[in-house]
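**Student:** What follows is a single structure, and I will ask about it in a moment.
The values are calculated or read from the model by the stated rules, or taken from the named source; none is laboratory data. Everything numeric in this text was worked out from a predicted model, so none of it was measured. Counting neighbours? That spans all protein chains shown, and the Cβs are built from the backbone with ideal geometry, glycine included.
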Amino acid sequence: MHALKNFLSKNKGFITFMLCMLVFRSAVADWNVVPTGSMQPTIRIGDRIVVDKTAYDLRLPLTHLSLVHLADPKRGDIVVLDSKAADEKLVKRVIGVPGDVVALRDNHLYVDGQPAHYSHALVSGIRDDAVEPASYAIESYDGMRHLIRTSSPGGSRDFGPVTVPTGEYLLLGDNRDNSADSRYFGFFPRSEITGRATRVAMSLDPGDHYLPRGGRFWVKLD
């Protein structure tokens, strides 16, 4: 006990700093490593993303308890959530908000019966393309505009139509044929969404000895 008191006394500043950092990362902002390619090309494997924990709620630190409701996720937001259905932390894009009727037909998005617009895009630097040829497009709908990747004809190219219930959201990955999302887990509750991904802080390429990727520092996520 005496040794513990001495340790706490000598390291009071460090312990206080670590506690403050823990509270900050829990309730204000966090940075997460992305280990999968479900959000390629927007988020690449090895990206360290910045997550705004106050985008939608002010939460009690170290819990999911919302103290103050600030906003709700909008269509097109990239959100981070602790999913019970997936039993892990996920990073996905909001495609359907409560009340939306959402469908995919051959990977083309329809919301409330209205089709999204697609324009061809060129993307380089995705290592998966070497073993799995893919095509890229800009998907646009009602102010939402982002890149998507399509590859395997055997993927979930058709889905719905489904109506998004109150208090829940339909989330998809930008890598449409390689993403476990609402097509597999169903709708995600609002209470599981813990923040919005805003930027890539930095990126380490696991396919190149974890060397930093050029051009990925502080990139804004759209």
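**Student:** For the range 201-222, what are the residues that are exposed (fewer than 10 other Cβ atoms within 10 Å of the Cβ) and closer than 28 Å to I95 by Cβ?
**Tutor:** Answer for the range 201-222, where residues must be exposed (fewer than 10 other Cβ atoms within 10 Å of the Cβ) and closer than 28 Å to I95 by Cβ: G215, W218, K220.
**Student:** Identify, from the list A3, A55, A27, the residue that is modelled with pLDDT under 55 and in contact with a strand residue (DSSP E or B) (Cβ under 9 Å, 6 or more places away or on another chain).
**Tutor:** A27
**Student:** So R157 fits all but one of (1) among the basic types (K, R); (2) crowded, with 17+ Cβ neighbours inside 10 Å; (3) farther than 29 Å from L70 by Cα; what number is the exception?
**Tutor:** Here R157 meets the rest and fails (2).
**Student:** Please go through the range 81-140 and give me each residue that is of a type in the set (F, W, Y) and within 18 Å of R44 (Cβ to Cβ), ordered by number.
**Tutor:** Residue satisfying the conditions is Y136 alone.
**Student:** Write out, first by first residue and then by second, each pair whose Cβ atoms fall under 7 Å of each other, whose residues are 6+ apart or on separate chains, and whose first residue, in the range 97-123, is farther than 18 Å from V164 by Cα while the second is polar (S, T, N, Q).
**Tutor:** Within 7 Å, the pairs are N107/T150; H117/S140.
**Student:** Would you please name the residue that is modelled with the lowest pLDDT, looking only at residues in the range 85-136 that are among the small types (G, A, S) and at positive phi?
**Tutor:** Per the criteria, the residue is G125.
**Student:** Which residues, counting only those in the range 59-83, are part of a loop (DSSP other than H, G, I, E, B), at pLDDT 95 or above and touching an Asp or Glu at 6+ places or on another chain (Cβ under 9 Å)? Reasoning before the result, please.
**Tutor:** Taking the range 59-83 and keeping what is part of a loop (DSSP other than H, G, I, E, B), we get 60-65, 70-77.
Restricting the remaining residues to those that are at pLDDT 95 or above gives 71-77.
Residues satisfying the conditions are A71, R75, G76.
**Student:** Do you know which residues across the range 160-197 are surrounded by fewer than 17 Cβ atoms within 10 Å (Cβ to Cβ) and within 19 Å of the chain's Cα centre (by Cα)?
**Tutor:** G167, Y184, F185, G186, P189, S191
**Student:** It is to be established whether one or more residues within the range 177-188 are among the acidic types (D, E) and free of Cβ contacts under 8 Å to residues at least 60 places away in the same chain. Before the answer, list the steps.
**Tutor:** Taking the range 177-188 as the starting set, the residues that turn out to be among the acidic types (D, E) are 177, 181.
Add one more test, that the residue is free of Cβ contacts under 8 Å to residues at least 60 places away in the same chain, and what stays is none.
Taking every residue of the range 177-188 in turn, none turns out to be among the acidic types (D, E) and free of Cβ contacts under 8 Å to residues at least 60 places away in the same chain.
**Student:** Let me ask something additional. Sort out which residues of the range 70-87 are surrounded by 14 or more Cβ atoms within 10 Å (Cβ to Cβ) and among the aliphatic types (A, V, I, L, M), and write them in order of number.
**Tutor:** Within the range 70-87, I78, V79, V80, L81, A85, A86 qualify.
**Student:** Considering only the range 118-142, state which residues are under 14 Å from D222 (Cβ atoms), touching a Phe, Trp or Tyr at 6+ places or on another chain (Cβ under 7 Å) and of a type in the set (G, A, S).
**Tutor:** Answer for the range 118-142, where residues must be under 14 Å from D222 (Cβ atoms), touching a Phe, Trp or Tyr at 6+ places or on another chain (Cβ under 7 Å) and of a type in the set (G, A, S): just A121.
**Student:** Name the residues in the range 110-143 that are within 30 Å of G207 (Cβ to Cβ) and among the hydrophobic types (A, V, I, L, M, F, W, C), would you? Full working, then the answer.
**Tutor:** Looking only at the range 110-143, we keep the residues that are within 30 Å of G207 (Cβ to Cβ), and these are 118-139.
Result: A121, L122, V123, I126, A130, V131, A134, A137, I138.
**Student:** Looking only at strands (runs of 3 or more DSSP E) that lie completely in the range 137-222, which have at least 3 residues being at pLDDT below 95 and on the phi < 0 side of the Ramachandran plot?
**Tutor:** On the way: elements: 144-150, 159-163, 168-172, 193-205.
Qualifying strands (runs of 3 or more DSSP E): 193-205.
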